[in-house]
Amino acid sequence: MASRFDGNKEVEVWRAQIQDKCRFSDARGVWNVIEKHNAPREVYKKLAAGVSAGVTQNEKTQFKNCSNIDQYKAFIQSRCKFQNEGRVWAALDTHGYVNDLYRVLAAGMANER
């Protein structure tokens, strides 16, 4: 299924950065849930920044101590600093494998993927 952002150079760069770190088995499925958000460009931008920033040893430890979806969300939020993370989670929560989605996003941000 085509996306309204296919061919948008800026979004394609952000998607490539996210995919490079997270290596989703179905990236299109992830893009589809991101695009359910009312400001998907901002979500892409913040996720790309979150996976691209350097990772401290403290953050690696924080990631390794994550064991549930709320802890993964907290880790992702600490890296992305979404203005209204509740809306981001509402969009991402529509993914068919939501637990895996958050785990893989967090792992990508911790360079553990």
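Would you confirm, using the coordinates I've provided, whether Val55 is β-branched (Val, Ile, Thr) and surrounded by fewer than 19 Cβ atoms within 10 Å (Cβ to Cβ)? Yes, satisfied. In the stretch 45-61, the count of residues that are touching a His at 6+ places or on another chain (Cβ under 9 Å) and in contact (Cβ under 8 Å) with a residue 24 or more places away in the chain is zero.
For the subset of the stretch 87-113 comprising residues that are of a type in the set (S, T, N, Q) and not in a helix (DSSP H, G or I), which member is nearest to Trp31 (Cα to Cα)? Show your work before the answer.
Within the stretch 87-113, the first condition is being of a type in the set (S, T, N, Q), and the residues that meet it are 94, 99, 111.
Imposing the further condition that a residue be not in a helix (DSSP H, G or I) reduces the set to 94, 111.
Numbers: Thr94: 12, Asn111: 20 Å.
In this case the residue turns out to be Thr94.
Looking across the stretch 9-41, the residues that are of a type in the set (D, E, K, R), part of a helix (DSSP H, G or I) and surrounded by 15 or more Cβ atoms within 10 Å (Cβ to Cβ) come down to Arg15, Lys21, Arg41.
Values quoted throughout were computed directly from the atomic coordinates according to the rules given, and no laboratory measurement underlies them. Keep in mind it's a predicted model, so treat the numbers as computed, not measured. Every residue, glycine among them, receives a Cβ derived from its backbone with ideal geometry; neighbour counts consider all protein chains shown.
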